[in-house]
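The block underneath contains the structure these notes are about, expressed in structure tokens.
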Amino acid sequence: MRGGTPDQNLTVMDGIEVHNPYRLFGIASAFNPETVENFQLTAGGFGAAYGDRLSSLLVVDNRRGRSEFHGSTSVSVTDANVVVEGGVPVGQRGSWLFSARRTYYDLVAGRLQDQNFPSFADLQLQVGWDFGPGHRLTLMGLRSIENADLDIDIDRPNERAAFGSDVLNNLASVRFDAVLGTKATSTTTVSWYHNRETINFDGLIRADARRSNAADDTLAFGLSTILFARSIDVRDFSLRQEVGVQSSPHHLLSAGIELHGLATSVGFSITGDRNENVANGSSVRGGAGLPGQLDSRLMGTRGGLWFQDTFTPSPKFAFEPGLRLDWSTVNGGTTLSPRLAASYLLGRGVRMRAAMGLYTQSPGYEKLTQSDYFIDLSSAREVGLLHEKALHVILGIEQGL
């Protein structure tokens, strides 16, 4: 995303914040393309219903299972996919959907090369029951594992490199959607999410930044020992409550609250040579300013409260003011974020959009996924670490095809 790094992008699946939406270090997505019903990407200026991120918003909704029994398979460049779905037992109104994915290249190439190539497998199960018109209870579970154990071949004498990683993602949620009367809706989502990542590297590699004037490369370059291990663990127990009211034909009022109980930890060990040119770059990969050993555990609660009005005085014009309050116990900070968006239909499928607002992001280890820096948050409250802040001012033209 323009102006944003991975830790500043918010990803939400079925109302649940997903802290690690990546598979295979970003090559593949955490979302199964065979079960996604729709998604909406907002590159900036998103509404008050979402917060605690500075840059962009990706909202993904999975489809319901079909009421009749059905199955399908597919194969992509990276993985094979199986989806089975059908109706719940007789006498009940509802459906279920089960999907499974796994990489397959590692099963063949790994045996030929005697390597554990990067691979992933995930299972997803969704079961939903309908209780009268507009009322639905949905249970969802997701489990994903990734691993790699590679000996990297370096065609130079005395050099070696070995890389290993393990990633675990578990998710369980309960969601209840209800229609309240003729003008209101309610959505309640309770979820538990666990992401654990470990990575290690052990190598003896030529130090390209240091070369003498000797003509022979084997003598001119020294060797650097790169030896580190890192682990990140995120547990998030969350509640999200949304309410929408159509107060008049031109006003749709929405409000809500979200709470996250977070238990996170970061640990790393750097025993090899350091990169003296970088103090805190590339996370724990040798920055000279990072400690050799760290084991930091952080418990905290963060939350958000929002209100928004979608005002449509005419079919061509829409106006969306909103206000959001965010807080975090990690640093004891509270922020208030006003937001405003508008759109106007110019004709022939062309719409002009404008948005502006304040966006904030609280400190937390859950935001270290794919980050290229590290901040020790053990004393964030004591040192008075502030929320990050960004001001969005956006104007764009959208053409419907």
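Key figures for this structure:
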| quantity | calculated |
| --- | --- |
| Most mobile listed residue (Ala161, Ala215, Ala48) in the chain, GNM with C-alpha springs under 10 Å | Ala215 |
| Relative contact order of the chain, pairs being alpha-carbon contacts under 8 Å that are 6 or more residues apart, as % | 12 |
| Isotropic mean projected area of the C-alpha convex hull, region 266-401 (nm²) | 11.8 |
| Accessible area of region 213-268 belonging to carbon and sulfur atoms, whole % at 1.4 Å probe | 66 |
| In Å², nearest 10: area of Ile397 left accessible to a 1.4 Å probe | 120 |
| Lysines with Cα under 25 Å of Lys183, excluding same-chain neighbours fewer than 8 positions away | Lys316 |
| Region 282-388: relative contact order in percent, alpha carbon pairs under 8 Å with at least 6 residues between | 25 |
| Whole-Hz ³J(HN,Hα) from phi, Karplus 6.51 cos²θ - 1.76 cosθ + 1.60, for region 218-230, glycine and proline x | 5, 9, 6, 9, x, 10, 10, 8, 10, 9, 8, 9, 9 |
| Accessible carbon and sulfur surface of region 26-143 relative to its total accessible area, %, 1.4 Å | 60 |
| Where only C-alpha atoms are counted, convex hull volume of region 145-203 per residue in Å³ | 94 |
| Compactness of the chain, expressed as Rg and Dmax over alpha-carbon positions, Å | 24.5, 83 |
| Accessible-area value, Thr198, 1.4 Å probe, nucleic acids and ligands omitted, Å² | 50 |
| Within region 337-395, chymotrypsin sites (Phe, Trp or Tyr not before Pro) in DSSP loop having at most 16 other beta-carbon neighbours inside 10 Å | Tyr373 |
| Student exercise, the chain dipole from Lys, Arg, Asp, Glu Cβ charges, in Debye to nearest 20 | 1260 |
| Per residue value of the accessible surface for the chain (all protein chains in place, 1.4 Å probe), Å² | 51 |
| Accessible carbon and sulfur surface of region 283-376 relative to its total accessible area, %, 1.4 Å | 64 |
| Signed unit charges on C-beta, dipole axis of region 1-103, positive-most listed residue Val88, Val77, Phe31 | Val77 |
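The values are calculated or read from the model by the stated rules, or taken from the named source; none is laboratory data. No experiment lies behind these values; they were computed from the predicted model shown. All Cβ positions, glycine included, derive from the backbone under ideal geometry; neighbour counts span all protein chains shown. Accessible surface areas use protein heavy atoms only, side chains included; no ligands, DNA or RNA. Shrake-Rupley method; radii C 1.70, N 1.55, O 1.52, S 1.80 Å.
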